[in-house]
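S.K.: Handing you this structure, nothing more for now.
The values are calculated or read from the model by the stated rules, or taken from the named source; none is laboratory data. Here the structure is a predicted model, which is why all the values come from computation and not from measurement. Neighbour counts run over all protein chains shown; Cβ positions are idealised from the backbone, glycine included. For the accessible areas, the whole protein counts, side chains as well, though only heavy atoms, and no ligand, DNA or RNA atoms are used. Shrake-Rupley method; radii C 1.70, N 1.55, O 1.52, S 1.80 Å.
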Amino acid sequence: QVYALEILDEALERYPVDGVFFNMIGYVTSDYDHVYHGICQCKNCQQRFEKMYGLPLPAVEDAKDPVFVQYEAFKRVTSQELFHRIRDLVKSKNPNIGICTYTHEGIDIYRNESNSGIKRPQPEWIYSASENVKLALGSWKDMGIANAAVHFIDFPFRHAAVSPSLTYRRLAQNLASGGGMDYYVIGHLDNQDDRACFAGVKKLFAFHQENEEHYSGLTSIADVAIIFPSQNFSYGSIDEFRGIFKMLSEAHVLFDVLHDSVLDTAALERLNAYQAIILPDMRLMSDQAKNSIDSYVHNGGKILATGFTAAYSSKGQLLETVDLKCAGINQIQDFIAYAQGMYLRIRPEDKQTLGGFEDVDIVHLNGDLLACELDHTATPYLGYIPAQMFGPPEKCYYTEETNIPGVITNRYGQGIYIFVPWQIGAQYYQFSTHVQPLLLQAALRDLINLQTRLGADAPALVEIQVHRQDATENLIVNLVNLSGQSGASTLAPIEMQDIEIRIRCTGTPNHVRCLWSQHDLDFVLKNGNLQFTVPQLSLLESIVIQMS
């Protein structure tokens with residue numbers, strides 16, 4: 001770190017800049033590799049880790065090892081310190097230099113990428129750009145976002161481009177999520193060997209330029225926030241997050257993404273802006289984060305927690321109970337490890353509260369389950385069916401149904417805490433069936449009583465996001481057509497027709513116009529609800545609702 005800072009100090013003295021973005025990517029120092037890639041065994045890291053924790057560095061990456069869990073925290077602390085030291089140095093030379101790099105610590109603009117990788121599982125994460133932009137704009141109000149649509153397949157194939165349709169989708173999601181246009185090639189545009197996407201990229205950039213007035217000063221009007229579980233990646237919680245992200249988008253629920261570090265700061269004001277907060281398998285939570293959640297629920301907030309949220313210590317060890325006052329759980333009776341043939345029964349009494357299960361009585365359980373003893377204030381739903389032999393139905397069938405719940409609700413103060421003690425999101429991300437979305441939607445609708453601001457008669461592969469422009473009070477509704485993905489192929493989206501949009505307004509609309517197709521729309525306003533129909537959708541449509 002000292003050597004890197006000396007280099008930066010000399011560079012800033014030799015090449016003074018003003019009002020220019022300073023892109024400090026982090027690879028200027030070997031410490032970047034230490035804090036992000038693998039376990040560093042250098043002398044500096046060994047001494048620092050032993051001083052902080054009184055332990056030697058772990059030998060292997062193992063989320064079940066308490067020392068490795070502490071090493072993960074060590075990496076976060078070390079990288080934060082490095083980037084803040086860099087910021088202090090740069091700003092001491094010139095406060096007008098904007099710092100842009102791949103971290104949220106000590107910067108002005110959060111750099112991220114929607115990219116591909118030859119070793120990455122296929123298909124592509126279809127919401128990559130939306131996730132990156134939502135994370136930045138939802139979490140840090142004074143920070144910009146520069147999410148790059150990466151031209152090439154991977155560094156070993158930097159001269160070959162990804163599918164043009166994939167690049168277009170990434171740029172369209174950038175725009176729809178409230179970000180800007182950002183496109184990244186190796187080299188420069190004049191010497192690219194694959195130029196197939198250039199015409200479409202130019203069209204998207206030109207569209208943004210022509211309509212720039214409508215894309216500045218935007219604020220999301222989301223009903224729900226999902227927490228980004230960065231401190232729990234070692235447990236695979238990113239799959240839980242992405243599965244829930246996918247289900248919310250497909251159901252056209254308006255939602256923001258908040259980084260989990262938000263819970264460690266002045267969180268209540270931020271959380272109170274939403275009808276509900278979703279905690280996706282957040283096993284490790286700081287004491288401050290737990291206090292924030294308890295206070296939020298006590299004051300009337302609504303939480304949907306999944307997986308093993310707040311059930312682990314700071315060292316990654318399973319606790320005797322869920323460490324949240326609002327959870328309504330006396331103790332964890334058992335950690336039921338995954339075995340083939342496990343289910344959850346949706347019982348007749350469950351269906352009296354949870355709607356949408358007229359033709360479904362069972363959920364397959366493709367993962368672990370926490371067996372919890374409930375407080376008298378809590379209410380159980382669904383019943384666990386232990387693993388049985390599977391095979392021909394005349395020989396193999398389940399014979400036991402327990403009272404171990406698959407969904408738990410608890411009233412705490414003026415609010416409610418919903419706990420799904422298994423990984424509903426990860427199961428949908430891995431092996432999507434119709435049942436997980438039914439259960440998530442029932443929890444939001446029938447247990448949390450979510451009053452959605454948006455209604456849409458649209459296919460699940462139409463991504464919809466809505467923002468309010470602060471200066472004008474206008475609403476902008478963005479639609480992105482995500483059809484066209486088939487396995488590893490990202491093809492041109494299939495054009496869709498007659499998409500009906502219903503949105504609750506606080507003002508009085510006087511004009512509704514499609515920016516991409518450049519025509520006005522007829523609309524109906526009744527009891528504060530605006531309704532209009534988008535006649536066609538190719539890749540993107542942006543509808544501006546002008547207010548009186």
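S.K.: If you count the DSSP beta bridges with both ends in the chain, what percent of them are antiparallel, to the nearest 5?
M.R.: Approximately 70 percent, going by the DSSP bridge assignments.
S.K.: Shifting gears a bit: What is the extension gain from Lys141 to Lys43, computed as 0.36 nm multiplied by their sequence separation minus the C-alpha to C-alpha distance, in nm to one decimal?
M.R.: Gain in length upon complete extension: 31.4 nm.
S.K.: Could I ask something else about it? Which of the peptides 414-421, 216-223 is most tightly packed, and how do the rest follow, judged by the mean count of other Cβ atoms within 10 Å per residue?
M.R.: Listed from highest to lowest mean packing, they are 414-421, 216-223.
S.K.: Also, I was wondering about something else. Place +1 on the Cβ of every Lys and Arg and -1 on the Cβ of every Asp and Glu in the chain, take the dipole about the Cα centre, and give the residue among Phe390, Ile408, Ala148 whose Cα lies farthest towards its positive end.
M.R.: Positive-end residue among those listed: Ala148.
S.K.: With a 1.4 Å probe and every protein chain left in place, work out the accessible area per residue of the chain in Å², rounded to a whole number.
M.R.: For the chain, the per-residue accessible area is 45 Å².
S.K.: State to the nearest 20 debye the size of the charge dipole of segment 103-173 about its Cα centre, where the only charges are +1 on K and R beta carbons and -1 on D and E beta carbons.
M.R.: 220
S.K.: Using 20 Å as the Cα-Cα cut-off, could you pick out the over-long pairs in Lys43/Lys64; Lys64/Lys246; Lys64/Lys315?
M.R.: Lys43/Lys64; Lys64/Lys246
S.K.: Further, regarding this structure: Roughly how many debye, to the nearest 20, is the charge dipole of the chain about its Cα centre, given +1 on each Lys and Arg Cβ, -1 on each Asp and Glu Cβ, and no other charges?
M.R.: That gives a dipole near 280 debye.
S.K.: Out of residues 5 or more away from Gln331 or on other chains, whose amide H comes under 5 Å of its own, with H placed 1.01 Å from N in the peptide plane?
M.R.: Glu373
S.K.: Considering Cα pairs under 8 angstrom that are at least six residues apart, work out the relative contact order of segment 389-548 and quote it in whole percent.
M.R.: Relative contact order, segment 389-548: 18 percent.
S.K.: Another question about this same structure. What's the local net charge at Lys526, with K and R +1, D and E -1, over the other residues with C-beta under 15 Å away?
M.R.: Net charge around Lys526: 0.
S.K.: Can I ask one more? Given the peptides 9-16, 247-254, 303-310, arrange them by the average over their residues of other C-beta atoms within 10 Å, most packed first.
M.R.: Order by mean packing, descending: 303-310, 247-254, 9-16.
S.K.: Which of the peptides 312-319, 343-350 is most tightly packed, and how do the rest follow, going by the mean number of other Cβ atoms within 10 Å of each residue?
M.R.: Put in order of decreasing packing, that is 343-350, 312-319.
S.K.: Given a 1.4 angstrom probe, I'd like the percentage of the accessible area of segment 413-488 that is carbon and sulfur, rounded to a whole number.
M.R.: 48
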